[in-house]
Amino acid sequence: MNDTQLDAILKQMAAADDPKLPAAGQIWFRAEIQRKARQRKRIERPLSVMRGIAAAVCLAAVVALALWNLAELRQMFGGSLMFPLVLSAVAVLTSLVFALSIMEFRRQHK
């Protein structure tokens with residue numbers, strides 16, 4: 001039974017002037033589902049945090065390696081337009097991964 005069905009049942013009972021509570025089994029079942037959902041969120045919270053931390057570390061590592069080897073990277077790409085394009089693509093991709101992990105974290109903690 002979902003929220004919409006429960007709402008419909010309660011409205012029908014109110015309209016019939018003969019209100020009846022849902023059976024104890026239905027109330028227990030709904031409470032059990034909510035308890036399991038809270039438990040799953042609590043269990044998954046560290047994974048969400050670690051995804052964000054991993055994305056931040058990866059972004060920092062990519063930037064550090066690019067800066068460390070900046071001269072070699074420029075030499076490898078011959079000073080052409082390819083170097084800024086590759087560097088920009090890497091920065092965009094790592095930022096995208098980081099943003100997605102933050103969005104996932106926020107979605108799970110609403």
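The values are calculated or read from the model by the stated rules, or taken from the named source; none is laboratory data. Everything numeric in this text was worked out from a predicted model, so none of it was measured. Heads up, the Cβs are rebuilt from the backbone with ideal geometry, glycines too, and the neighbour counts pull from every protein chain shown.
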Considering residues that are modelled with pLDDT under 80 and either exposed (fewer than 12 other Cβ atoms within 10 Å of the Cβ) or touching a strand residue (DSSP E or B) at 6+ places or on another chain (Cβ under 9 Å) (or both), the number found within the stretch 100-110 is 4
Positions within the stretch 50-96 being surrounded by 14 or more Cβ atoms within 10 Å (Cβ to Cβ) and β-branched (Val, Ile, Thr), in sequence order: VAL62, VAL63, VAL86, VAL90, THR94
Does GLN108 meet the test of being on the phi < 0 side of the Ramachandran plot, without any contact (Cβ under 8 Å) to a residue 60 or more places away in the chain and polar (S, T, N, Q)? no
Being within 24 Å of the chain's Cα centre (by Cα), loosely packed, with under 10 Cβ neighbours inside 10 Å and among the basic types (Lys, Arg): is that true of ARG42 here? yes
Which one of these is closer than 22 Å to LEU96 by Cβ and within 33 Å of the chain's Cα centre (by Cα): ALA37, ALA55? ALA55
